[in-house]
1. Rounded to whole Å, give me the distance from the Cα center of region 57-128 to that of region 135-151.
2. Pull out the extension gain between residue 66 and residue 104, defined as 0.36 nm times the separation in residues minus the alpha carbon to alpha carbon distance; nm, one decimal.
3. For the ranges 67-73, 159-165, what's the packing order if you count other beta-carbon atoms within 10 Å of each residue, average per peptide, and put the highest first?
4. Give me D for region 43-176 in µm² s⁻¹, whole number, from Stokes-Einstein with Rh from the Kirkwood sum over alpha-carbon pairs, 25 °C and 0.890 mPa s.
5. Can you give me the distance in nm between label points at residue 172 and residue 47, each placed 7 Å from the Cα along the Cα-to-Cβ direction?
6. Once fully extended, how much extra length lies between residue 154 and residue 89, figured as 0.36 nm per residue of separation less the alpha-carbon to alpha-carbon distance?
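Coordinate-derived values only; no laboratory data. Since the structure is predicted, the reported quantities are computational estimates derived from the model, not experimental observations. In this analysis, Cβ positions are derived from the backbone assuming ideal geometry, glycine residues included, and neighbour counts consider all displayed protein chains.
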């Protein structure tokens, strides 16, 4: 039910946030402020070129000069013309737990997924502009890549299936 509510709230914000081109709005929960910045670089410390970190760890959130820890909800208008809506917890600027949704400029859901203990976790789904499912990916902790993938064409027909969960779990087990 929380995810459905989050999707509805995200759709509501789509129209409002596209009016603020190339901006980030973030709200720190349990605080009274909503803050607007002109550029994502104003509150992130990005290290794309030399970092080997997980993709979602390459740009930690910086608020008031420190890597942010606590509950946070943010709405980012991205360079790829999508709106990213996140609700969850950050620790030292990095995602600990939360839900991420991406919407097209028309308000169509493009991506949904969750994080747990700083890893993509559970089912992540991408959607075509038509609203049909493009891909479904299952993530487990300690992996940056999906362990099971389903990819569909625009008519809903399965084009690709890959299940490496057992093999990946064995590798993880042997390294710990």
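1. Centre-to-centre distance over Cα atoms comes out at 17 Å.
2. 10.6 nm
3. Descending packing order for the listed peptides: 67-73, 159-165.
4. Stokes-Einstein gives a translational diffusion coefficient of 151 µm²/s.
5. That separation, rounded to one decimal, is 2.5 nm.
6. Using 0.36 nm per residue and subtracting the Cα-Cα distance, I get 19.9 nm.
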